2 protein chains.
Amino acid sequence: MMRAVSLLSGGLDSTVSLAYALSKGYDVTPLTVRYGQRHSRELESARRVVQHYGLKGHVVMDLDLRSFTGSALTSEGVAVPERMSASDIGEGIPVTYVPARNIIFLSVAAGLCETIGGEAIFIGANAIDYSGYPDCRPEFFEAFERTLAVGTKAGVEGHAPKVHAPILRMTKAEIVRLGIDLTVPLELTWSCYQGGEKACGRCDSCLLRLKGFEEAGTKDPLDYR
Amino acid sequence: MMRAVSLLSGGLDSTVSLAYALSKGYDVTPLTVRYGQRHSRELESARRVVQHYGLKGHVVMDLDLRSFTGSALTSEGVAVPERMSASDIGEGIPVTYVPARNIIFLSVAAGLCETIGGEAIFIGANAIDYSGYPDCRPEFFEAFERTLAVGTKAGVEGHAPKVHAPILRMTKAEIVRLGIDLTVPLELTWSCYQGGEKACGRCDSCLLRLKGFEEAGTKDPLDYR
């Protein structure tokens with residue numbers, strides 16, 4: 001059976017990405033990195049998703065990126081922007097950018113993948129709604145695969161893990177539709193940048209999610225404030 | 001002043017590499033990753049080196065790679081090989097290989113480098129004595145730099161950090177000589193794969209270090225069992 005590591009934050013994108021890996025027949029090891037996010041609500045969602053799919057060997061790795069100040073996702077001093085609608089989201093690299101985050105996550109995933117003898121890494125990165133994140137662009141994934149080909153034991157042996165970003169070029173509506181097609185438990189996923197019992201509905205992540213569900217012609221099962 | 005992140009394990013190679021960065025005029029932020037090594041002797045050495053140079057902002061990051069079983073450096077179940085001399089060290093990838101370790105370390109360094117507005121990352125990787133480690137090869141560093149150029153905010157803005165591996169092509173004797181030239185406190189560094197008060201003198205790392213000092217025509221200031 002083909003083995004894969006699937007990065008799982010507990011959000012919509014990574015959960016759909018993991019479901020996609022499962023649908024392709026991979027024996028999936030979920031990897032969640034706890035990197036000092038301001039809230040732990042996502043981790044709870046990740047655990048519920050893992051439980052839903054009955055997956056074994058969920059690796060939750062602590063990696064405190066709070067010394068990388070400046071991102072709204074890890075720094076108390078930087079506010080998560082709130083807006084009225086998704087159309088207000090500006091161009092450029094957002095303040096929620098965490099330096100080199102996907103590079104770090106993929107590196108850890110590559111190490112784990114090599115350990116389990118896996119042949120693929122799945123990541124729920126998306127280049128459409130978040131074109132501002134440099135580490136969500138196709139050219140980044142190509143460069144990273146090349147790094148694994150020359151920099152790992154598996155690569156030297158000719159079977160470097162492939163990096164799959166199945167939802168990379170999908171709109172949020174397409175991701176929602178894929179999630180529904182794959183019967184993903186969307187009610188277990190969490191996208192909001194804030195913590196709390198209910199999603200805020202105002203941060204960029206909530207706005208994009210809500211717009212996605214709307215354009216997919218269905219209702220988001222999450223509760224919003 | 002030019003800023004750089006310098007990966008510092010507390011070993012001979014990373015300490016000489018850091019000293020080299022300082023000699024080139026960089027304002028250095030030392031980064032030590034505590035990745036679940038079997039002993040903490042190296043970390044103590046790293047702290048002493050930082051103190052010696054009076055560096056500020058030493059980042060010690062916990063990243064538990066013990067779930068990557070199989071390496072003698074992180075797994076109790078895998079013995080650190082002991083040999084009689086450096087010439088007994090075999091070809092190929094050693095059991096002390098930790099999957100994707102340098103990729104992970106460099107990724108974390110890249111995130112920190114971006115955070116401090118740095119322009120360079122220094123790593124004490126060496127391709128001569130450890131040609132068996134795929135992530136110590138020049139082609140790996142080139143591929144990784146390309147990843148940073150396309151995958152980081154700094155890269156998109158045209159100033160991706162450069163990866164410097166100043167001792168990459170040096171023999172251990174050359175590293176020792178460079179250390180002496182740069183007045184590196186070699187007595188503070190620790191290379192042994194085992195912990196303890198004194199170095200074991202039998203692991204690959206000790207044997208290569210001792211051979212290096214011998215070929216450099218000087219005595220290793222460390223105590224050996």
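Rule-based calculations on the coordinates, nothing more; no lab input. Since the model is a prediction, treat every value here as computed from it, not as a measurement. Counting neighbours? That spans all protein chains shown, and the Cβs are built from the backbone with ideal geometry, glycine included.
I'd like to compare A:55-67, A:115-127: which one has the highest average count of other Cβ atoms within 10 Å, and what's the full order after that?
A:115-127, A:55-67
Residues whose amide H falls under 5 Å from that of A:Met61, counting only those 5 or more places apart or on a different chain, are A:Thr32, A:Val33, A:Arg34, with hydrogens built in the peptide plane. Working note: Cα gyration tensor of region A:104-225, eigenvalues times five, square-rooted, sorted largest first, giving semi-axes of 32, 14, 14 Å. Run the paramagnetic zone check for A:Lys198: 7 angstrom along Cα to Cβ, then residues of region A:211-225 with backbone nitrogen under 18 Å. Under 18 Å, as judged by backbone N against the label point of A:Lys198, lie A:211, A:219-225 of region A:211-225. Expressed as a fraction of 2.2 N^0.38 Å, the value expected for a compact globular protein of N residues, the C-alpha radius of gyration of region A:12-69 is 1.22.
Put simply, the amide H of B:His164, placed in the peptide plane, has neighbours under 5 Å in B:Ile121, B:Phe122, B:Ile123, leaving out anything fewer than 5 places away on its chain. Listed by chain and number, the aspartates and glutamates placed with their C-alpha closer than 19 angstrom to that of B:Lys24 are B:Asp13, B:Glu119, B:Glu174, B:Asp181; residues fewer than eight positions away on the same chain are left out. Averaging Cα coordinates gives a centre for region A:181-225 and one for region B:11-60; these two points are 44 Å apart. If the segment from B:Glu214 to B:Leu182 were pulled out straight at 0.36 nm per residue, it would be longer than the present Cα-Cα gap by 9.7 nm. Going by neighbour counts of Cβ atoms within 10 Å, the residues A:Leu106, A:Leu7 line up, fewest first, as A:Leu7, A:Leu106.
Estimated at 0.36 nm per residue, the fully extended path between B:Ser40 and B:Asp27 surpasses their Cα-Cα distance by 2.0 nm. Placing a pseudo-label 7 Å from each Cα along the Cα-to-Cβ vector at B:Gln51 and A:His52 gives an inter-label distance of 5.2 nm.
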